[in-house]
Every structure is written in C-alpha cells, then in structure tokens.
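As structure tokens, the structure follows; a few thoughts come after it.
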Amino acid sequence: MTITDHIFQKVAEISIPHFFVTVEFAAMGSGMPQGIETFLQEKHKAILRGANGRKFIYREGEWRLIFTFFPTDRVVDERYALKNKTSLYMYKK
C-alpha cells in the first residue's frame, strides 16, 4: 500500500457526519502527515458554525492536500462540482 493509499484510508476512516470528504494531492512529501484528522475535525466544526467555504488546504512539511467537504443531504453547489476534474481518486472502505 502506498502512502497516498494510507492517506485515502485515513480520510475514509475519519467520522465527518453529513459530509463526504475528497482529497487532492497538490504536492507530495515523504512520510505520513500526522495532523489530518485534527485538521478535518476543526474544518468540520467551522462549517457547522457557518463557514461558507467547503475547500480547505492542509500543509504539513512538503505535503499540500486539498480537502473538499461535500454535503450528503443536498445537491452539490455548482462551484464545488467535480465536472472539471481530469482525475479524482477516492478510497471507500
């Protein structure tokens, strides 16, 4: 299993009620980033408090990961649609 597979698995295992979270790899580093779960939980809380954004950039060392939160209870807002992505990797347990 590659490090990107481990990151996908980690994200899939984190409980983010009412949202599906995708990850894009903007820059890759070596070693497993350690703060992903805390970062995602904090951003989830911000969304619940009313934050408008749904796309967040996580930086740790050389890593630059872009997480997008998609609500599971309504149609995705046009600006967050994946229709313009050339490739997207998702990991499902």
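The values are calculated or read from the model by the stated rules, or taken from the named source; none is laboratory data. Fair warning: this is a prediction, and the values are worked out from it, not measured in the lab. Note that we place each Cβ from the backbone using ideal geometry, even for glycine, and neighbour counts take in every protein chain shown.
Being more than 15 Å from P71 (Cβ to Cβ), touching a residue at least 12 places away in the same chain (Cβ under 8 Å) and exposed (fewer than 15 other Cβ atoms within 10 Å of the Cβ) is the filter here, so list the residues in the range 38-56 that pass it.
Q41
Consider the range 44-93. How many of its residues are at pLDDT 65 or above and basic (K, R)?
8
Being over 13 Å from the mean Cα position of the chain (by Cα), part of a loop (DSSP other than H, G, I, E, B) and of a type in the set (A, V, I, L, M) is the filter here; which residues of the range 1-48 pass it?
Result: M1, M28, M32.
Within 12 Å of W63 (Cα to Cα) and surrounded by 12 or more Cβ atoms within 10 Å (Cβ to Cβ), is that true of G31?
Spelling it out, it is not the case that G31 is within 12 Å of W63 (Cα to Cα) and surrounded by 12 or more Cβ atoms within 10 Å (Cβ to Cβ).
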